[in-house]
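*Asks:* The structure's right below; bear with me while I get my questions together.
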Amino acid sequence: MLRATAVSRSYGETVVFENLSIDVEPGEVVAVIGPSGIGKTTLLRTLALSLEPDEGTVSFDGTDAWEVDDPDRLALRRRIGMVFQAASLFDAPVARNVEYGLRVRRSWPERIRAELRSLVAPSGTADAVRDALDIVGLDDKRAQHVESLSAGEAQRVSFARAVAYDPDVLLLDEPTSDLDPRNTAVIEDAIAEARDRRIGVVVATHDMYQAERVADRVAVLLDGGVTEVGPTERVFDDPRDPRTRRFIDGELVY
Amino acid sequence: MYPISVTRSTTTYFCVVAVDVSVTIQRRTLLTALGTGALGGFAGCSGLTGGGEGAAAVAGETLTLTTTTSTYDTGLLDAIHGEFEAMYGVTVDAVARGTGAALESARNGDADVVMVHARGLEDEFMRNGYGVNRRDLMFNDFVIVGPADDPAGIEGMRSATGALTAIADAGATFVSRGDNSGTHTKERNLWEAAGTDPGGDWYQETGTGMGGALNVADGQGAYTLSDRGTFISRRSDIGLAILVQGPIEDGPEILSNPYGIMAVNPGVHGNANYDLAMAYIGWITSPGAQNAISSYEMNGEQLFFPEAVSENPDFQQYVPDGWSSGTADA
Amino acid sequence: MPIDPAVQSLQLLVDLPFREGYVRSIVSVSLYVSLIAVALSTLFSIPVAVVLGFNDFPGKGLVKAVINTGMGFPSVVVGLVVLFAVSNQGPLGSLNLLFTKQAMILSQFVLATPPITAISLAAITGVDEDVRDAARALGGTRLDAALVVLKEARYGIATAVLAGFGRAISEVGSVLIVGGNITGADGISKTRTLTTAIQLEARQGQYGTAMVLGGVLLALVLLINAIVVRFGDWGVQR
């Protein structure tokens with residue numbers, strides 16, 4: 001569905017990755033593992049179509065995203081949800097945050113009408129918003145302002161915000177690296193729920209145990225490229241690339 | 001009625017005369033009907049100049065008058081303008097500046113009519129073609145005011161230049177307007193006539209208008225040159241006294257302070273509201289407005305003395321000093 | 001000086017039936033000119049601040065330096081420049097703007113724009129870049145992202161607008177030069193503002209009226225500052 005083929009990206013002289021290929025299918029969870037600072041975020045932003053690769057192609061259902069014009073690429077982008085390492089919530093109540101993706105997809109006249117209506121009478125929360133908050137167990141907090149949330153709750157809202165508009169692909173960049181085990185478990189359950197809804201999930205993580213818990217396939221990102229990609233169990237139990245093996249065995253320290 | 005070959009400006013000039021004539025007639029008949037009379041004269045003028053719409057042509061328009069702080073700050077204009085505005089259904093925007101700035105605004109075409117008190121500058125303004133149809137409007141005089149203890153001992157002097165020389169010799173503080181206004185121009189002329197080049201710690205320029213200069217002089221116990229009108233209007237608030245009188249109180253003629261009024265030349269600035277400017281000049285030099293000027297009092301004293309209406313008109317009021325038709329033709 | 005402002009103020013209260021219309025018209029001219037000028041400045045400044053805040057381009061530092069210098073523009077200099085522009089001889093002379101409220105709005109626009117732009121820009125650049133990325137990642141257009149940033153920066157922008165208003169309503173130099181400090185013969189202000197009226201009343205020795213006007217101006221400015229503080233509080237509470 002979403003496929004990066006032989007993509008390269010550099011910042012100045014520094015090569016982040018070269019000739020890298022990765023893909024995700026509906027209802028599949030792909031974990032990108034690798035040490036911190038290896039370029040997982042750059043890869044996710046490339047997949048999110050917010051960063052154009054120097055070389056290679058990123059295609060969505062066979063459409064090369066950087067060959068089409070801006071409106072078409074926006075339409076493709078809008079089939080992707082993204083959650084960052086930091087929650088990055090807007091200074092507004094929880095429901096307004098979760099609703100954001102739905103709002104920007106409406107036409108301007110509709111948006112203005114909705115804003116004006118909400119001035120007169122507080123409109124009810126959309127079903128999609130309640131449903132998204134339900135996935136992360138926060139439906140009861142929808143009226144609260146985000147300032148009153150804990151860090152874990154904020155990240156869960158961020159997750160709900162990315163699934164509320166029912167994307168085809170969900171990209172998660174170290175979504176639990178700052179969270180306690182309980183909130184981590186909620187996010188991991190939500191990833192499973194996303195998979196059940198036939199969403200293709202790419203989760204970048206430096207936590208191999210998390211990859212083992214949530215992923216169907218694992219891509220190992222080392223030394224500017226994917227050294228190995230395959231079913232989770234096979235990659236962890238029987239890595240074929242020697243660098244992958246040393247990384248998984250904990251010998252490769254970065 | 002008139003040769004068709006007359007130019008527009010000639011016709012217009014003639015109209016001014018028509019206004020004056022009508023005013024003169026009215027003065028002989030009924031003063032209260034003056035407004036209507038002037039209006040009639042003006043309406044005829046509009047017809048001649050091609051407007052053809054009569055007096056209504058100016059209704060709703062705005063006249064921009066640049067004038068001096070000495071006429072404005074005394075409250076005279078606010079007191080008399082209501083009648084003119086009601087008569088023509090117009091608005092007068094009076095902008096108070098120093099005489100220099102008032103003339104400069106007019107020179108740039110930013111005013112329609114200008115009322116100032118520095119004959120030399122007015123003559124220059126007319127010679128350069130910016131102003132037309134000057135009329136003597138009114139006069140008062142300048143007085144030299146100072147603290148009651150009079151450190152330079154000028155009280156009662158009959159010579160203004162002698163008084164200034166005494167102030168300079170005593171090094172007593174003197175506040176100058178310093179703003180290129182009519183009063184400032186007069187003051188510089190007086191220093192020149194006295195043969196003294198003022199300077200040093202005792203000579204201070206304020207640049208704050210006449211009222212401001214009086215405030216500063218009062219605060220410092222200093223001398224200053226003031227027009228009588230502003231001084232009278234402020235006398236109850238400040239501790240200064242008249243030490244050298246002007247010609248109104250038998251002082252030297254050199255301290256006289258004549259005000260003139262001119263229209264901005266529409267030949268130079270086509271956007272100037274010449275019709276309304278001439279209506280204004282016609283009105284303010286009319287017996288009715290002249291009476292209003294002479295009856296305007298502050299603290300029980302008359303501030304300005306009308307000069308426009310006279311049995312023996314001074315023809316020099318219409319042209320720069322020394323100008324004659326002979327020199328113009330040559 | 002043999003004046004007692006307190007006594008004069010008392011007398012003024014007695015005179016109020018006459019002066020009331022005068023004071024009210026001056027206040028309304030002040031508010032009219034300053035509010036419109038600040039509204040126009042805001043409409044101009046915020047897009048400029050957004051463009052400056054979101055983009056890097058050669059000469060950006062220079063543009064920012066010019067804006068910061070503009071915050072210190074002396075109002076009389078601005079008045080002089082606007083005077084040359086709107087004078088009959090100037091480039092806008094044909095519009096006949098001199099000695100009108102429009103000319104005053106123009107000069108206050110020039111005065112209020114630099115502080116509004118500079119403070120808005122600081123507020124916009126102060127918004128976490130993650131928030132902008134999030135708006136884009138959630139399917140927002142560039143415009144959507146800009147709107148999100150503006151919303152995040154709203155307290156700073158409100159402060160900017162109020163600072164611009166404070167500068168506009170309390171400046172005397174430019175409105176005196178381009179407005180001409182005009183009232184009608186009926187004592188109703190045309191281009192006289194609180195500041196120019198105070199200057200004139202003081203020059204005429206009408207210290208009582210000057211003090212009443214000064215009190216009104218002070219009250220307005222205090223009100224504005226109170227609103228600024230209030231906005232700041234909201235910003236903290238949220």
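Values quoted throughout were computed directly from the atomic coordinates according to the rules given, and no laboratory measurement underlies them. Predicted model only: the values in this text are computed from it and were never measured. Because the Cβ atoms are built from the backbone with ideal geometry, glycine has one as well, and the counts that use them run over all protein chains shown.
*Asks:* Work out the FRET efficiency for B:R158 and C:V229 from their Cβ-Cβ distance, taking R0 = 56 Å, and round it to the nearest 0.05. Each step should come with its number before you reach the end.
*Replies:* Working: r = 65 Å, r/R0 = 1.16.
Efficiency at R0 = 56 Å is approximately 0.30.
*Asks:* Determine, from the Cβ-Cβ distance of A:E13 and C:D130 and an R0 of 25 Å, the FRET efficiency 1/(1 + (r/R0)^6), rounded to the nearest 0.05. Walk me through the numbers before you get to the answer.
*Replies:* Working: r = 27 Å, r/R0 = 1.06.
Once rounded, the FRET efficiency stands at 0.40.
*Asks:* Local charge sum around B:A166 (other residues, Cβ-Cβ under 14 Å, Lys/Arg +1, Asp/Glu -1)?
*Replies:* -2
*Asks:* Which one, C:L220, C:L138, C:L150, has the greatest fluctuation when you compute a Gaussian network model over chain C with C-alpha springs under 10 angstrom?
*Replies:* Per the Cα network of chain C with a 10 Å cutoff, C:L138 tops the list.
*Asks:* How far apart, in nm, are two points set 7 Å out from the Cα along the Cα-to-Cβ line at B:S310 and at C:D186?
*Replies:* Computed distance between label sites B:S310 and C:D186 equals 3.8 nm.
*Asks:* Taking 7 Å along the Cα-to-C-beta vector as the label spot, tell me the B:R127-A:A192 distance in nanometres, rounded to one decimal.
*Replies:* Simple spin-label model gives 10.4 nm for this pair.
*Asks:* Let me ask something else about it. What's the exposure ranking of B:M157, B:M138, B:M262, C:M71, going from fewest to most Cβ atoms within 10 Å? Mind showing how you got there, number by number?
*Replies:* Working: B:M157 20, B:M138 27, B:M262 24, C:M71 16.
Sorted ascending by nearby Cβ count, the order is C:M71, B:M157, B:M262, B:M138.
*Asks:* Something else about it: Rounded to the nearest 5, what % of DSSP beta bridges with both residues in chain A are antiparallel?
*Replies:* Details: 21 of 39 bridges.
Taking every DSSP beta bridge within chain A, about 55 percent pair in antiparallel fashion.
*Asks:* Next question. Please identify, among A:R195, A:R117, A:R156, the residue showing maximal mean-square fluctuation in a Gaussian network model of chain A using a 10 angstrom Cα cutoff.
*Replies:* Highest fluctuation of the listed residues: A:R117.
*Asks:* Pull up the DSSP beta bridges for the protein assembly as shown and report the antiparallel fraction as a percent, rounded to 5. It would help to have the intermediate numbers written out before the result.
*Replies:* Working: 46 of 79 bridges.
Here the share of antiparallel DSSP bridges comes out near 60 percent.
*Asks:* Less than 12 Å Cβ to Cβ from C:S30, Lys/Arg counted +1 and Asp/Glu -1: what total charge do the surrounding residues give?
*Replies:* Values: positive: C:R24, C:K101, C:R192; negative: C:E171.
Residues close to C:S30 contribute a combined charge of +2.
*Asks:* How are the C-alpha pair distances of the range A:174-254 spread across 10 Å bins, as whole percents from the shortest bin up?
*Replies:* 17, 48, 30, 6
*Asks:* Can you sort B:S70, A:S36, C:S34 by how many other beta carbons sit within 10 Å, fewest first? Walk me through the numbers before you get to the answer.
*Replies:* On the way: B:S70 33, A:S36 10, C:S34 28.
Starting with the residue having the fewest Cβ neighbours, the order is A:S36, C:S34, B:S70.
*Asks:* I've got another one for you. Among residues other than C:N181 whose Cβ falls under 13 Å from its Cβ, what is the net charge (Lys/Arg +1, Asp/Glu -1)? Before the final figure, lay out each step's value.
*Replies:* Details: positive: B:R97, C:K101, C:K190, C:R192, C:R203; negative: B:D73, B:D78, B:D93, C:E201.
Charge balance near C:N181 sits at +1.
*Asks:* Just rank C:L222, C:L111, C:L106, fewest to most, by other beta-carbon atoms within 10 angstrom. Write out the running numbers ahead of the final one.
*Replies:* Numbers: C:L222 10, C:L111 28, C:L106 22.
Listed from fewest to most nearby Cβ atoms, that is C:L222, C:L106, C:L111.
*Asks:* Relative contact order for the range B:92-183 using alpha-carbon pairs under 8 Å, separation at least 6, rounded to a whole percent?
*Replies:* Numbers: 55 pairs, mean separation 35.3, N = 92.
Relative contact order comes out at 38 percent.
*Asks:* If you don't mind, another one. Lys/Arg Cβ at +1, Asp/Glu Cβ at -1, dipole of the range B:141-255 taken about the Cα centre: which of B:S233, B:L190, B:L214 is farthest positive-ward?
*Replies:* B:S233
*Asks:* A:D64 to C:L147: FRET efficiency via 1/(1 + (r/R0)^6), r the Cβ-Cβ distance, R0 30 Å, to the nearest 0.05?
*Replies:* Numbers: r = 30 Å, r/R0 = 1.00.
Efficiency at R0 = 30 Å is approximately 0.50.
*Asks:* Along the principal axes of its C-alpha atoms, what lengths does the protein assembly as shown span, in descending order and rounded to whole Å?
*Replies:* Extents along the principal axes, in whole Å: 124, 69, 52.
*Asks:* Here is a further query. Give a quick list of GluC sites (Glu not before Pro) in the range B:259-330 that DSSP marks as loop, anything other than H, G, I, E or B, with at most 11 other Cβ atoms within 10 Å. Don't jump to the answer; show the numbers that get you there.
*Replies:* On the way: sites: B:E297, B:E301, B:E307, B:E311; in loops: B:E307, B:E311.
Answer in residue order: B:E311.
*Asks:* Would you please classify the overall shape of the range B:141-255 from the alpha carbon gyration tensor, given that a ≥ b ≥ c denote the square roots of the eigenvalues, rounded means a/c under 1.5, and beyond that prolate means a/b larger than b/c while oblate covers the rest? Display every interim value, and only then the final one.
*Replies:* On the way: a/c = 1.17, a/b = 1.06, b/c = 1.11.
Taking the square roots of the gyration eigenvalues as a ≥ b ≥ c, the range B:141-255 is rounded.
*Asks:* What dipole magnitude, in Debye to the nearest 20, does the range B:227-290 give about its Cα centre under +1 on Lys/Arg Cβ and -1 on Asp/Glu Cβ?
*Replies:* Details: 3 positive and 6 negative charges, 31 e Å.
Charge dipole, the range B:227-290, about its Cα centre: 140 debye, nearest 20.
*Asks:* What does the charge dipole of the protein assembly as shown about its Cα centre add up to, to the nearest 20 debye, if the Cβ of each Lys and Arg holds +1 and the Cβ of each Asp and Glu holds -1? Mind showing how you got there, number by number?
*Replies:* Numbers: 63 positive and 100 negative charges, 249 e Å.
In total the dipole reaches around 1200 debye.
*Asks:* Now a separate question. Gaussian network model of chain C, Cα springs within a sub-10 Å range: biggest mean-square fluctuation belongs to which of C:R136, C:R24, C:R154?
*Replies:* Result for chain C, Cα springs under 10 Å: C:R136 fluctuates most.
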